[in-house]
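The values are calculated or read from the model by the stated rules, or taken from the named source; none is laboratory data. Here the structure is a predicted model, which means the values were calculated and not measured. Every residue, glycine as well, gets a Cβ built from its backbone with ideal geometry; the counts of neighbours run over all protein chains shown. Keep in mind that these areas ignore ligands, DNA and RNA; they rest on the heavy atoms of the full protein, side chains included. Shrake-Rupley method; radii C 1.70, N 1.55, O 1.52, S 1.80 Å.
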Amino acid sequence: MIDLIVPTVEGREESLERCLASFPDTNPIVVRDVPTCGIGWTEGIKRSSADYLILCADDIENTMGSYDACVETVDAGYLPAPIIHGPTGNLESAGGDMAAASNLLTDIQADWTPVDFTPMPFVSREQIKKIRMIPSHMQCDLWVSRRGRQLGYETVLRHDYTLNHHHLEVGRKRHTDADDSRIFQEAMNAV
């Protein structure tokens, strides 16, 4: 019912194991050694056959009890944004906001509050077919929400969608903000 799509690269095996173990009752689709998250998600989407997809990163750990809030949100025509804690338990984000420091909201708003973007997309098959994916590294999550909004899928904060982000840097190639911004802008201009 839910496919977990996780791009990864060599040297991150322990983090990948933790990630996969934390998402029970999903079908993991691991995409290895691709240059960007967006390319990995695209490949995983092609391999997916589930009704719902979690577009994940290998340094994420699931802390939610069930996927009910995510499914409820998507079935109501929205995209859920998680509450994410950092490696020390600090609040890292409560949805994205391009005007906020680090582009992440660090104040928890009410459940179902609209936010600019979701740092970890949970989508239906129908939604992602319409949204599609871009090949950037850092702005592919922003793309999902921005393109989703154009298609009528507002992104909202969901309190029961919770994750930990471990910030593993091993093996990651650096993509410049300029490259990601160019890819994002070209995709937005093309729709």
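Evaluating Pro82 against the criteria (1) without any contact (Cβ under 8 Å) to a residue 12 or more places away in the chain; (2) under 13 Å from the mean Cα position of the chain (by Cα) leaves one unmet condition, (1). Residue check: is Arg158 basic (Lys, Arg) and open to solvent by 50 Å² or more (accessible area, probe 1.4 Å)? Taking the combined requirement at face value, the residue does not satisfy it.
Identify the residue in the stretch 1-51 that is basic (Lys, Arg) and closer than 19 Å to Pro87 by Cα and, among all such residues, is modelled with the highest pLDDT. Ranking the candidates gives Arg18 first. Applying a threshold of 7 Å to beta carbon distances and a minimum spacing of six or more residues, or different chains, the list of pairs starting in the stretch 3-30 at a residue that is farther than 12 Å from Ala57 by Cα and ending at one that is at pLDDT below 95 reads Glu10/Asp33; Glu10/Gly171; Gly11/Val170; Gly11/Gly171.
Scanning the stretch 27-56 for residues that are of a type in the set (S, T, N, Q) and either open to solvent by 30 Å² or more (accessible area, probe 1.4 Å) or in contact with a Gly (Cβ under 9 Å, 6 or more places away or on another chain) (or both) yields Asn27, Thr42, Ser49. All of Ala76, Ala69 fail the test of being surrounded by fewer than 17 Cβ atoms within 10 Å (Cβ to Cβ), over 18 Å from Leu142 (Cβ atoms) and among the hydrophobic types (A, V, I, L, M, F, W, C), apart from Ala76. Only residues that are under 25 Å from Ala190 (Cβ atoms) and buried (at least 18 other Cβ atoms within 10 Å of the Cβ) were counted across the stretch 103-119, and they come to 5.
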